[in-house]
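Bear in mind these aren't lab numbers, they're just calculated from the coordinates by the rules spelled out. This structure is a prediction, so every number in the text was calculated from the model and none was measured. For neighbour counting, all protein chains shown are included, and Cβ atoms are generated from backbone atoms with ideal geometry for every residue, glycine included.
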Amino acid sequence: MEKTVKLIIDDKTYEFPLVVGTENERAIDIAQLRAKTGLITMDPGFVNTGSCKSAITFMDGEKGILRYRGVPIEQLAEKSTFIETVSLLINGNLPTRDELTRFSVLLNDNSLVHEDMQLFYQNFPRTSHPMGILSSMVNALRSFYPALKTADEDINITVARILSKMRTMAAMSYKISRGHKVVYPRPDLSYCENFLNMMFDSPVKPYEIDYDVRRALEIFWILHADHEQNCSAATVRVVGSGRVNLYAAISAGIAALWGPLHGGANQAVIEMLSNIVAEGGGVKKSLERAKDKKDSFRLMGFGHRVYKTYDPRAAVMKNICDKVLNKMTKNDPLLDLARELEEAAVNDAYFIDHNLYPNVDFYSGIVLRAIGIPTNMFTVMFALGRLPGWVAQWKESIDDPNWKISRPRQVYQGPVKTDYVPINER
């Protein structure tokens, strides 16, 4: 028997279905609320609104749980490759060896971008942010490559195309911004190795791929591959609900991720550390300022909107961070400050009482800087990691038999009917 929830309005009782998820999450289905009662719900930020049913990612902020298709994020970070995780998210299961090989071949075969696209890069102003360029270039892919068809084979090719070409375009944008020769992908390198080589290889100084650096990047991408209905994933679904092509939906997701409250958080961590060094305030003063509600200063990379205890990705990223920093031979005052700040904050009673633990953005910003990624490329790195999640969310929404175009309601608070006044009488 279907469970229902009763809602009493003006002494009249209405019943609405109760939806229960596989992890016992419960939601009230209010699809008929306006039709039955004439009312809508008001939920700024949609923090209490379920926009879809999904089988991709489960997270529990109170318990610090994150799983992709049921597999704990800790296990994926320890045992999986990024491409295995991509296949898991998009296809619904971990690939067999043959499936993984076929997918890897598709990625390699589709890794080059049309040479004419280099002309686009040349015409962006030098001050353009890489995220703005990437969003534009991904949208432009539709002009060079066909839109998604309905056949499964075409889906796999299109998915491989955008995953592989977006990685190539990100590295290409970095090289062109520095006036350096573009490095092309190599068939003998893995997905992560190819990106590092395209970023840092040079005719005068060949890039030597370090296992720990490669693995740090791979784990960074795995940890960021999906995160339920966050701002950018929700954007991909909303834009995709208009039945636009995949390139346009992903382009919108990149634009949403660009903001400092979302994908730009790890960049904000490094910028905060730079400001602390420049101002000479030190860790103690920074912590005191962060506790002062009247002070506009905010300690970036601590706490999380969803995770109320500890971000499970942060624990994994901290281990990687420690490993990468311990291998470093050069001194970096920002990274030294980051370690000092982390140690002070996790032992401070105020931060402990308010559950303000370092989150994944704090550690990932440090790791990206340590392996040589420029600060303005941090959000691009996030986008490359989140790409498979966006594709999975888009694909799930496209395949949903109960699909509806996104069209939120509003509560109007503007002027009531006002007669038009001719311009000479105003």
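Results, tabulated for the structure shown:
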{"quantity": "Label-to-label distance, nm, for residues given as A55 and K79 (7 Å Cα→Cβ offset)", "calculated": "2.1"}
{"quantity": "Gained length - V105 relative to A349, 0.36 nm times residue gap less alpha-carbon distance", "calculated": "82.6 nm"}
{"quantity": "Percent of Cα-Cα distances greater than 25 Å, calculated over segment 265-370", "calculated": "14"}
{"quantity": "Alpha-carbon Rg/Rh ratio, for segment 73-164, with Rh computed the Kirkwood way", "calculated": "1.05"}
{"quantity": "Segment D43-D11, length gained on full extension (0.36 nm per residue, minus Cα span)", "calculated": "9.2 nm"}
{"quantity": "Among S232, S251, S143, residue whose mean-square fluctuation peaks in a GNM of the chain (springs only between Cα atoms under 10 Å)", "calculated": "S143"}
{"quantity": "The chain - mean residue ellipticity at 222 nm from DSSP helices (-39,500 (n - 2.57) per run, n ≥ 4, rounded to 500)", "calculated": "-16000 deg cm²/dmol"}
{"quantity": "Farthest toward positive dipole pole in the chain [+1 Lys/Arg, -1 Asp/Glu at C-beta], among Y121, W394, L107", "calculated": "Y121"}
{"quantity": "Among P17, V47, Q32 the positive-end extreme of the charge dipole of segment 4-50 (Cβ point charges)", "calculated": "Q32"}
{"quantity": "Rough spin-label spacing in nm, given labels placed 7 Å along Cα→Cβ, for R26 and K327", "calculated": "4.9"}
{"quantity": "Per-residue ³J(HN,Hα) for segment 417-422, Karplus 6.51 cos²θ - 1.76 cosθ + 1.60, θ = phi - 60°, Hz, x for Gly and Pro", "calculated": "3, 10, 5, 5, 10, x"}
{"quantity": "Net dipole in debye of segment 4-50 [+1 Lys, Arg Cβ; -1 Asp, Glu Cβ; about Cα centre; nearest 20]", "calculated": "140"}
{"quantity": "Rounded, prolate or oblate (a/c below 1.5 giving rounded, otherwise prolate when a/b exceeds b/c) for segment 193-283 by Cα gyration tensor", "calculated": "oblate"}
{"quantity": "FRET efficiency for T309 and L261, using Cβ-Cβ distance with R0 set to 30 Å, rounded to 0.05", "calculated": "0.90"}
{"quantity": "Approximate shape of segment 1-106 as ellipsoid semi-axes (Cα gyration tensor, √5λ), whole Å, largest first", "calculated": "40, 14, 12"}
{"quantity": "Too-long pairs where the Cα-Cα distance tops 29 Å, listed order kept, from K284/K318; K291/K327; K36/K395; K36/K404; K36/K63; K6/K395", "calculated": "K291/K327; K36/K395; K36/K63; K6/K395"}
{"quantity": "Residue order, fewest to most beta carbons within 10 Å, for M317, M198", "calculated": "M198, M317"}
{"quantity": "Debye intensity ratio I(q)/I(0), log10, the chain, q values 0.13 Å⁻¹ (C-alpha model)", "calculated": "-1.21"}
{"quantity": "Length added when fully stretched, R407-R178, from 0.36 nm per residue minus Cα-Cα", "calculated": "78.2 nm"}
{"quantity": "Estimated dipole of the chain in Debye, rounded to 20 [Cβ of Lys and Arg +1, of Asp and Glu -1, Cα centre]", "calculated": "760"}
{"quantity": "Selected from G264, V416, P333, residue furthest toward positive end of dipole (segment 261-419; charges at beta carbon)", "calculated": "V416"}
{"quantity": "Calculated FRET efficiency for the pair I65/V204, C-beta based, R₀ 56 Å, to 0.05", "calculated": "0.70"}
{"quantity": "Taking the convex hull of Cα positions in segment 4-50, its mean projected area over all directions (nm²)", "calculated": "3.8"}
